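S.K.: Quick one: this structure, given as structure tokens, is what I'll be asking you about.
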Amino acid sequence: MGLTIWLTGLSSAGKTTIAAAVCEGLRERGCKVEWLDGDVVRQNLCRGLGFSKEDRDENIRRIGFVAELLTRHGIVVVVSAISPYRAARDEVRRRIGDFLEVYVNAPIEVCERRDHKGIYRRARAGEIRHVTGVDDPYEPPLAPDVECRTDRETPAESAASVLRAVDLWHAQTAGPAV
């Protein structure tokens, strides 16, 4: 049975790290898994989009469309994308149905310390605009299926929380355990 696991949070909160560990754990269980990373999708499927609210929403719709197709065909899809706007995330959740929302939560100060891409530094210097958490909003989930506090737990602990939620989801939907 297919499922979309959607990791949302600020840049450098830990989405990619957790997604990689979740994918590895699912593959070890024999699941068919596809990982849709926001940066990779933006480079390939959403290249012409900018960072306005409208473009960010369209980016999420496109990722959601691909995730829906894969989920419908029995794939476990792991999405790691900032996806800053609650309404866009809720829209893809409704469309996909078989969906777990994972809030990868770290204070912006922690994200700025981890910022290997230099996004926050460049935003604070005025070199770039529309940076989520700096001059664009991030709307945290109101009731995520899982919250990973990456300032308080290790990546392995966060991934284990997600995998437990997947097990619970499968048990509740009478699907086979993964």
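The values are calculated or read from the model by the stated rules, or taken from the named source; none is laboratory data. All values reported here derive from a predicted model rather than from experimental measurement. Neighbour counts run over all protein chains shown; Cβ positions are idealised from the backbone, glycine included. Surface areas here come from the heavy atoms of the whole protein model, side chains and all, with no ligands, DNA or RNA. Shrake-Rupley method; radii C 1.70, N 1.55, O 1.52, S 1.80 Å.
S.K.: Would you compute, from DSSP H runs of 4+ residues alone, the mean residue ellipticity of the chain at 222 nm, taking -39500 (n - 2.57) per run and dividing by the full residue count, rounded to the nearest 500?
M.R.: After summing the helix terms and dividing by residue count, I get -14500 deg cm²/dmol.
S.K.: Sticking with this structure for a sec: In degrees from 0 to 90, rounded to the nearest 10, what is the angle of the helix 155-172 Cα long axis to the longest principal axis of the chain?
M.R.: Approximately 40 degrees, to the nearest ten.
S.K.: If you don't mind, there's one more thing I want to ask. Which residue fluctuates most in the GNM of the chain (Cα springs below 10 Å): P107, P140, P84?
M.R.: Ranking P107, P140, P84 by mean-square fluctuation puts P107 first.
S.K.: Sticking with this one: Roughly how many Å is it from the Cα centre of the range 66-86 to that of the range 92-121, as a whole number?
M.R.: Here the two parts' Cα centres lie 14 Å apart.
S.K.: Still on this structure, I have one more. Only loop residues by DSSP count here, and only those with at most 14 other Cβ atoms within 10 Å; note down the GluC sites (Glu not before Pro) in the range 45-133 that meet that.
M.R.: Passing both the DSSP loop test and the Cβ count: E127.
S.K.: C23: accessible area at probe 1.4 Å, nearest 10 Å²?
M.R.: My reading of the accessible area for C23 is about 0 Å².
S.K.: Length gain on complete extension for the stretch R121 to H73, per 0.36 nm per residue less the alpha carbon to alpha carbon distance?
M.R.: Full extension from R121 to H73 adds 13.1 nm.
S.K.: Report ³J(HN,Hα) in whole Hz for each residue of the range 58-64, in order, from the Karplus equation J = 6.51 cos²θ - 1.76 cosθ + 1.60 where θ = phi - 60°; Gly and Pro get x.
M.R.: 5, 4, 5, 4, 5, 4, x
S.K.: What accessible area per residue, rounded to a whole number of Å², is obtained for the range 95-178 using a probe radius of 1.4 Å? Let's see the in-between values first.
M.R.: Details: 4620 Å² over 84 residues.
Dividing the accessible area of the range 95-178 by its residue count gives 55 Å².
S.K.: Determine the relative contact order of the chain: mean sequence separation of Cα pairs under 8 Å and six or more apart, normalised by residue count, in whole percent.
M.R.: RCO, the chain: 34 percent.
S.K.: Compute the FRET efficiency between E91 and A160 as 1/(1 + (r/R0)^6), taking r as their Cβ-Cβ distance and R0 = 25 Å, and round to the nearest 0.05.
M.R.: 0.30
S.K.: What list of ³J(HN,Hα) values in whole Hz, one per residue of the range 138-151 in order, does the Karplus curve 6.51 cos²θ - 1.76 cosθ + 1.60 (θ = phi - 60°) give from phi, with Gly and Pro shown as x?
M.R.: 10, 9, x, x, 7, 8, x, 5, 9, 10, 9, 8, 6, 7
S.K.: Oh, and also: Within the range 94-128, report the chymotrypsin sites (Phe, Trp or Tyr not before Pro) that DSSP leaves as loop and that have at most 11 other Cβ atoms within 10 Å.
M.R.: none
S.K.: Provide the per-residue ³J(HN,Hα) series for the range 94-103, in order, calculated from phi with Karplus coefficients 6.51, -1.76, 1.60 and θ = phi - 60°, each as a whole number of Hz, with x at glycine and proline positions.
M.R.: 4, 5, 7, x, 7, 8, 10, 9, 10, 8
S.K.: For the chain, give the percent of accessible area contributed by carbon and sulfur heavy atoms, probe 1.4 Å, rounded to a whole number.
M.R.: So the carbon and sulfur contribution to the accessible surface is 52 percent.
S.K.: Okay, moving on. For the range 1-143, just list the percent of Cα-Cα distances falling in each 10 Å bin from zero outward, please.
M.R.: P(r) over the range 1-143, rounded to whole percents: 12, 43, 35, 10, 1.
S.K.: Quick one: which residues, 5 or more positions from W35 or on another chain, have an amide H under 5 Å from its amide H? H modelled 1.01 Å from N in the peptide plane, none for Pro or chain starts.
M.R.: V78
S.K.: Which angle from 0 to 90°, rounded to the nearest 10, does the C-alpha axis of helix 15-28 make with the longest principal axis of the chain?
M.R.: Computed tilt is about 20 degrees.
S.K.: Right, something else. Distances longer than 19 Å among the Cα atoms of the range 4-85: what percent of all pairs is that?
M.R.: Counting pairs separated by more than 19 Å, the tail of P(r) holds 36 percent.
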